Amino acid sequence: MKQSMMFIPTLREIPADAEVKSHQLMLRAGFIRQNTSGVYSYLPLAHKVLKKIEQIVREEMNSAGASELLMPALQQAELWQESGRWYSYGPELMRLKDRHNRDFALGATHEEMITSLVRDEIKSYKRLPLALYQIQTKFRDEKRPRFGVLRGREFIMKDAYSFHATNDSLDEGYEKMFNAYQNVFTRCGLNFRAVIADSGAMGGTDTHEFMVLSDIGEDTIAYSDTSQYAANVEMAPVIAKYEKSSESENELEKIETPNQRTIEEISSFLDIPKDQCIKSILFKVDDKFVLVLVRGDHEINDIKVKNLYNASVIELATADETKTLLNCVPGFVGPINVSDDVEVVADHAVAAVMNGVCGSNEENFHYKGVNIERDTEVSKFEDLRFIQEGDLSPDGEGIIQFAKGIEVGHVFKLGTRYSEAMNATFLDENGRAQPMIMGCYGIGVSRTLAAIIEQHNDENGIVWPDDIAPFSIHIIPVNVKNDSQRELADKLYQDFSENGYEVLLDDRQERVGVKFADSDLIGLPVRITVGKKADEGIVEVKLRKSGESFEVRTDELAEKLVQILSK
Ligand code: 9G3
């Protein structure tokens, strides 16, 4: 392609409102332009990369046995009413009315659509398993779109759905998809981890997130420093065992602690280590009030509390609710003499606290000399805290470290959640109607594009992995007015294009400094500069990744390129 004909509006300056590297570079290298908050146009270079990512996705989906289809983005409300999600989703689901005033949703995802499609056609176990996928624009009215296309309101997703007669078959299908995802992200040149993301006990296998390691990632990954274990920090179980100290039990004693509310304040005021303080927080779990205790140096994992009660909503009790139930202001709340309206649960670590400190449910007072078994009515000890760096890895191998991640993929075992709600049944071998067992599998294709740039860039611009780059070779004549330079550049462009290389020829009437700066921004793997030595048949080759550059005779160039681009 000739650059004089392309649409690559590069920018010299870093746009002020772009906070992360990929957003800055996609704007500066002329890959995207924002139309409105969270809505972008993908310009020709971005479009070429999107197609390459999609091609990798297609190849891996097809070899996993899935068939591509394309479903509507316009979804009749009745489908979402059948599953109940029309009522459970809020403003994030974009809705509209047609000319007959009928309700529609713009597709945020397609569980309802695919289930209604399959239930009408599949009646027998002989037609299962079935795996279908699409690559399509999704709409989600994010409250805070940010980081360019990393979190947009309109984005490109590959979403796949599988249908099974048995759970064993679902496990097989899940495994195939899991492996396909490993291939996709490896072929995209990403450093990623498959992360346990379900609330089940350690080793839960019902859902995994594929996380690209990046400091700007919104998710925190807890991973083992020696094994393959990795989990979303919200889900990682804690297997630590706690030793009670051998010291004897002191008397319980109420002490004045004016305005000392937080663990930090109490710990320094009483000169007692944080791991001998007990943090008590009142939660409302669905419509039940629960006082949760953790050791002062730990954090309550509200997802674990929610899962303990199999609740759908968990939130902090308000100050009023705290006043009503514990007759106390937050900051002095504690587990001693708590009314029966409140259940007290504690993390395992609390059971080993000796002569601890906790709130007294009286403003400006705490207890010390607290011994849980003797002084409180804890109904159960559970794993209720967030895992921390330094904890044992739940698989028993290594120590937990944290990393930030960008979620680019998510695979789920859905079970019969949608097939029961929408009566998608098949007749099993005994002729009995059973709900289909489903899996669903998503890849954020446009988010993957940005994630690749997050992991592949330097101070001068994007550094594309060879297989993903919009073009492989950038040919730059230093001076297009110089006949020998221009003619040699054109010849190389013709030859390499005919040889099947994807070549971008910078034939613009621009100063060479501008051409080089744009070339670094766009980040193609190989740059061939045609300059003064064109007459001698010598050009300069520069490798974008290593910055290495060397002179090559044009008659050795083809051979050289094979070495460079096929390694
Ligand atoms: C909605 C809106 C936002 C949503 C959803 C529905 C996330 C929603 C979860 C999934 C699950 C899987 C198929 C591909 C892989 C992920 N955000 N999810 O269901 F209406 Cl507004 O999308 N879907």
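The values are calculated or read from the model by the stated rules, or taken from the named source; none is laboratory data. Note that the structure is a prediction, hence the values are computed from the model and not measured. Don't worry about glycine lacking a Cβ; one is built from the backbone with ideal geometry, like all the others, and counts go over all protein chains shown. Just the protein is used for accessible areas: all its heavy atoms, side chains included, with ligands, DNA and RNA removed. Shrake-Rupley method; radii C 1.70, N 1.55, O 1.52, S 1.80 Å.
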Item to check | Vicinal HN-Hα couplings computed from phi for the stretch 530-542 (Karplus, 6.51 cos²θ - 1.76 cosθ + 1.60; Hz; Gly/Pro x) | outcome: 9, x, 3, 7, 4, 4, 8, x, 10, 10, 9, 9, 10
Checklist entry - Against the longest principal axis of the chain, how steep is helix 445-455, in degrees 0 to 90 to the nearest 10, with axes from Cα atoms? => result 90 degrees
Checklist entry - Going by average Cβ neighbours within 10 Å, how do the peptides 517-530, 254-267 rank, with the highest at the top? => result 517-530, 254-267
Checklist entry - Considering only the other residues whose Cβ falls under 13 Å of the Cβ of residue 363, what net charge follows from Lys and Arg at +1 and Asp and Glu at -1? => result +1
Checklist entry - Nearest 20 debye, what's the magnitude of the dipole of the chain about its Cα centre given +1 on Lys and Arg Cβ and -1 on Asp and Glu Cβ? => result 2300 debye
Item to check | the stretch 1-97 - percent of accessible surface contributed by carbon and sulfur, probe 1.4 Å | outcome: 55 percent
Item to check | From the C-alpha gyration tensor of the stretch 471-565, square roots of 5λ in Å | outcome: 17, 16, 13
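Beta carbons within 10 angstrom, averaged per residue: use that to sort the peptides 10-18, 453-461, 358-366, highest first. Walk me through the numbers before you get to the answer.
Values: 10-18: 11.9, 453-461: 18.3, 358-366: 21.0.
So the peptides 10-18, 453-461, 358-366, ranked by packing, come out 358-366, 453-461, 10-18.
What's the carbon and sulfur percent of the stretch 253-382's accessible surface, probe 1.4 angstrom, rounded to a whole number? Before the final figure, lay out each step's value.
On the way: 2580 of 5890 Å².
Percent of accessible area from carbon and sulfur atoms in the stretch 253-382: 44.
Rounded to the nearest whole Å², what accessible area per residue is found for the chain with the 1.4 Å probe? Provide the component values of the computation, followed by the final result.
Values: 26100 Å² over 567 residues.
Each residue of the chain exposes 46 Å² on average to a 1.4 Å probe.
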Item to check | Dipole magnitude of the stretch 230-270 about its Cα centre (Cβ charges: Lys, Arg +1; Asp, Glu -1), debye to nearest 20 | outcome: 200 debye
Next on the checklist: Could you work out what % of the accessible surface of the stretch 471-565 is carbon and sulfur, using a 1.4 angstrom probe and leaving DNA, RNA and ligands out of the count?
Outcome noted: 47 percent
Checklist outcome for this item: Sorted largest first, the Cα spans of the chain on the principal axes come out in Å as 96, 67, 48
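Of the listed peptides 553-565, 160-172, what is their order by residue-averaged count of other C-beta atoms within 10 Å, with the highest listed first? Present the calculation step by step, with values, prior to reporting the outcome.
Numbers: 553-565: 13.5, 160-172: 19.8.
Those peptides, ordered most packed to least, come out 160-172, 553-565.
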Checklist entry - To the nearest 10 degrees, how steep is helix 483-498 against the longest Cα principal axis of the chain, on a 0 to 90 scale? => result 60 degrees
Checklist entry - When only DSSP loop residues count, what chymotrypsin sites (Phe, Trp or Tyr not before Pro) in the stretch 225-300 have their Cβ near at most 15 other Cβ atoms within 10 Å? => result 242
Item to check | Charge context of residue 292, other residues only, Cβ under 10 angstrom, K/R +1, D/E -1 | outcome: -1
Item to check | Cα lying deepest toward the dipole's positive end in the chain, options 451, 523, 334, charges on Cβ | outcome: 523
Next on the checklist: Bins of 10 Å, beginning at zero and ending with the bin holding the largest distance: percent of Cα pairs per bin for the stretch 253-382, please.
Outcome noted: 14, 48, 33, 5
